[in-house]
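What follows is a single structure, written as structure tokens, with notes after it.
The values are calculated or read from the model by the stated rules, or taken from the named source; none is laboratory data. Predicted model, so just to flag it, every value in this text is computed and none were measured. Neighbour counts run over all protein chains shown; Cβ positions are idealised from the backbone, glycine included.
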Amino acid sequence: MSLAVSLEDLVPNARLGHYTIVEHLAEGGMGHVFRAFEPSLSREVAIKVLKAELADDPDKIGSFDLEAQNIAALRHSNIVPIYFVGHQGDLHYFVMPFITGSTLDDWVESGVPMSAEQGIMVLGQAISALDWAYKHGIIHLDIKPSNFLVDDSGIILLTDFGLARTLGQTLLDNPDECYGTPAYMCPEQILQQHTDQRSDIYSLGATMYHLMTCRFLYDRETVTELVQAHLEQGFPYADAAALGLSPGWINLFDRMTQKSPADRFQNYDELSAALANVERLGPVRKKEAVALSEGKTVVPTEVCRHQGICLWVAESQVQFLG
Ligand SMILES: Nc1ncnc2c1ncn2[C@@H]1O[C@H](COP(=O)(O)OP(=O)(O)O)[C@@H](O)[C@H]1O
Ligand SMILES: [Mg+2]
């Protein structure tokens, strides 16, 4: 059994700390996730390892450590906990319980829309996790189906605090870069304005819309069109009804995904109260969307709609949304 010191070494049976690598599970924006085994406690764990290209950047190592600290501050039955943070050679990693099951992304991929009853269960657990984080001063900022794990008993667990911020922390590490996942990203995050719990409420609305219809809230070919839709286009009322959402759910999602944070549910208590009455909510009063593009220039650097990306780098490059 060899001691891993770089990403290439993380093959089955390699040792990282006192864990033994079993298999590579996923690669995302910040890192790689591995299934591993902890012999001393005879249990399976998941290990998130910072990507090699980010591991020489002290800011990225700082964000990765901050992700671990954010999770450690939150003990909640709907949030994946953390066991350990470590460094070995060039590797920076943290260890979590291995959740046997799937993610909500697998649900979307299955092509079967969630029923209203399932939607209430899932949204209720997501609200519980996010409200707990919010009450501990943390906003997630990358709410999307693949960041919710579903364990074997159907419990929903929020993970991936890689973009999370403490409330009130408005300045980004690098104001010339904007990170997020275009399909679920709220207007103020795209525009790099103030973000708070209402930003997570928007992304949660886009996530739940996707789960209950198996369609993106804004189904657009390119990241550029998608970003434009979040900033300028109204809620897709006709599509939502055609896809079988009841007036109450349309009303709920419409309110969650208003362009202006002031028009959304302001906090999770308001959202929970509406969810408790979702089937009794009346049809929505349709409003014209207020365009928020403000002549912002956006340079999508990659073209995948549902993976975390760096959406734009520096404002001055390519004129977009003009
Ligand atoms: N604790 C875990 N148990 C099982 N699978 C996990 C666990 N954490 C992450 N994964 C898998 O790895 C994927 C990526 O993890 P995530 O923390 O979202 O990293 P990234 O920042 O790379 O998106 C998840 O969508 C899920 O499939
Ligand atoms: Mg993720």
Restricting the range 142-162 to residues that are in a loop (DSSP other than H, G, I, E, B) and within 12 Å of ligand 1 (Cβ to nearest atom), the residue that is surrounded by the fewest Cβ atoms within 10 Å (Cβ to Cβ): Asp152
task: Output yes when any residue across the range 26-37 is touching a strand residue (DSSP E or B) at 6+ places or on another chain (Cβ under 6 Å) and either exposed (fewer than 15 other Cβ atoms within 10 Å of the Cβ) or assigned by TED's automatic domain parsing to the domain that holds Leu158 (or both), and no when none is.
output: yes
query: Only one of (1) in contact with a Phe, Trp or Tyr (Cβ under 8 Å, 6 or more places away or on another chain); (2) under 25 Å from Asn78 (Cα atoms) is not met by Leu226, so which one is it?
result: (2)
task: Looking at (1) within 16 Å of ligand 2 (Cβ to nearest atom); (2) in the same structural domain as Leu50 (by TED's automatic domain parsing); (3) out of contact with any strand residue (DSSP E or B) (no Cβ under 7 Å at 6 or more places or on another chain), find the lone condition where Asp90 falls short.
output: (1)
- line: Considering only strands (runs of 3 or more DSSP E) wholly within the range 1-81, the ones with at least 3 residues that are free of Cβ contacts under 8 Å to residues at least 24 places away in the same chain, within 12 Å of ligand 1 (Cβ to nearest atom) and closer than 22 Å to Thr103 by Cβ are 19-27
message: Kindly evaluate His87 against the criterion of being more than 14 Å from ligand 1 (Cβ to nearest atom) and at pLDDT below 95.
response: yes
message: What's the total number of residues in the range 159-195 that are among the small types (Gly, Ala, Ser), more than 11 Å from Leu141 (Cβ to Cβ) and at pLDDT below 90?
response: 1
query: Hey, among Ile71, Ile82, Ile127, which residue is within 17 Å of the chain's Cα centre (by Cα), closer than 28 Å to Leu16 by Cβ and of a type outside the set (Gly, Ala, Ser)?
result: Ile71
